[in-house]
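Engineer: Here it is: the structure, laid out below.
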Amino acid sequence: MTLRELVSDAEAKLHTSPHPERARQDAETLLLHALCQNRAWLIANWDEAAESTTVETYTNLINRRQTGEPIQYITGHSEFFGLPFSVGPGVLIPRPETEHLVEEVIRLAATFPNPHIADIGTGSGIIAVALAHALPNAQITAVDCSPQALAIARENATSNQVADRITFLEGDLLSQLTGQKLNIIASNPPYIPSTDHDSLSVEVRDHEPHSALFAEEEGLAIYQRLIPEGRHHLIEGGWLVLEIGHGQQPAIEALLQANNYREIHFLPDYQGIPRVAAAQLA
């Protein structure tokens, strides 16, 4: 069997997967992963015979994808803010929408000479690592309650050569930052209402960690804690920057106002949905 035939067979199989519209793309991506090659090499070698070990490895990858397992978990890699990241079942897959949060933090950080920034619920470390890469004068603290997530985050900090500028702490929200004053607190917390579970794609609901996705109180439970707690850890004039869910702007704005934040503003994602909330401590 040639590589071309192998991909064609895999494509046909993936047409029965939860995402048939990506069958061809996924089939090619997973073959390149199995071969540790790029697309240019594949085009030049389409009609070469596939080795038996390649067929076996590739078949296993396609079987996993057919169940709806995310490509990023199968390959172990994803990209965020132009940087490479390792990902696995214990952490969320990076979303492009989160880049808006990073961009806003970078903009706000320019108002401080040597900003101390905390990434709360760091997961795979994408926010902390992207900020450390973009802000060489910043001190970054990354917090997560999951030891598994922190291990992946440390790996990503090392591979992106910023490990010496990020402090990783295991704990719940701001509990490990007692006595510290921060210029910026950033967070992409769980914000999907638990009642929305069945409406999500198989990739998300069956494979990504629920603790990083879902929150009680219509998705607002973490914000109801983090927004008031942030007041005790920000300097005067410091900023709280949050990723938020669809339709949550009114509730988040009310929470921020009730806790005496000012300069409250929201930034849209690529679909025009309010996705990032930013507010300054009065």
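Engineer: Return one whole number: the accessible area per residue of region 149-261 in Å², for a 1.4 Å probe.
Structural biologist: I get 46 Å² per residue for region 149-261.
Engineer: Please build a GNM for the chain, connecting alpha carbons under 10 Å apart, and tell me which residue among GLU48, GLU218, GLU203 fluctuates the most.
Structural biologist: Among GLU48, GLU218, GLU203, the largest mean-square fluctuation in the Gaussian network model of the chain belongs to GLU48.
Engineer: When the accessible area of the chain is split by element with a 1.4 Å probe, what percent falls to carbon and sulfur?
Structural biologist: 50
Engineer: Pop out the ³J(HN,Hα) list for region 203-210 in order, Karplus 6.51 cos²θ - 1.76 cosθ + 1.60 with θ = phi - 60°, rounded to Hz; leave Gly and Pro as x.
Structural biologist: So the Karplus estimates, Gly and Pro as x, are 3, 7, 6, 9, 10, 7, x, 5 Hz.
Engineer: OK, next. Please give me the summed charge of the neighbours of ALA279: other residues whose Cβ is under 9 Å from its Cβ, Lys and Arg +1, Asp and Glu -1.
Structural biologist: It works out to a net charge of -1.
Engineer: Show me, for region 260-275, the HN-Hα J-couplings you get by feeding each phi into the Karplus relation (A = 6.51, B = -1.76, C = 1.60, θ = phi - 60°), rounded to Hz, glycine and proline as x.
Structural biologist: Per residue, the Karplus-derived 3J(HN,Hα) values read 6, 7, 10, 6, 6, 8, 10, 10, x, 8, 5, 9, x, 8, x, 10 Hz.
Engineer: For LEU14, what is the net charge nearby, where nearby means another residue's Cβ is under 14 Å from its Cβ and Lys, Arg count +1, Asp, Glu -1?
Structural biologist: Here the charged neighbours net out to -2.
Engineer: Then there's this: Taking only DSSP H segments of four or more residues, each worth -39500 (n - 2.57), what value at 222 nm results for the chain once the sum is divided by all its residues, to the nearest 500 deg cm²/dmol?
Structural biologist: Helix-only estimate at 222 nm: -11500 deg cm²/dmol.
Engineer: Continuing with the same structure: In Å², what does the accessible area per residue of region 83-125 work out to with a 1.4 Å probe?
Structural biologist: 33
The values are calculated or read from the model by the stated rules, or taken from the named source; none is laboratory data. Since we're looking at a predicted model, the values are computed, not measured. Neighbour counts are summed over all protein chains in view; Cβ atoms, including those assigned to glycine, are modelled from backbone coordinates with ideal geometry. Side chains are part of the model used for accessible areas, which takes the heavy atoms of the whole protein and leaves out ligands, DNA and RNA. Shrake-Rupley method; radii C 1.70, N 1.55, O 1.52, S 1.80 Å.
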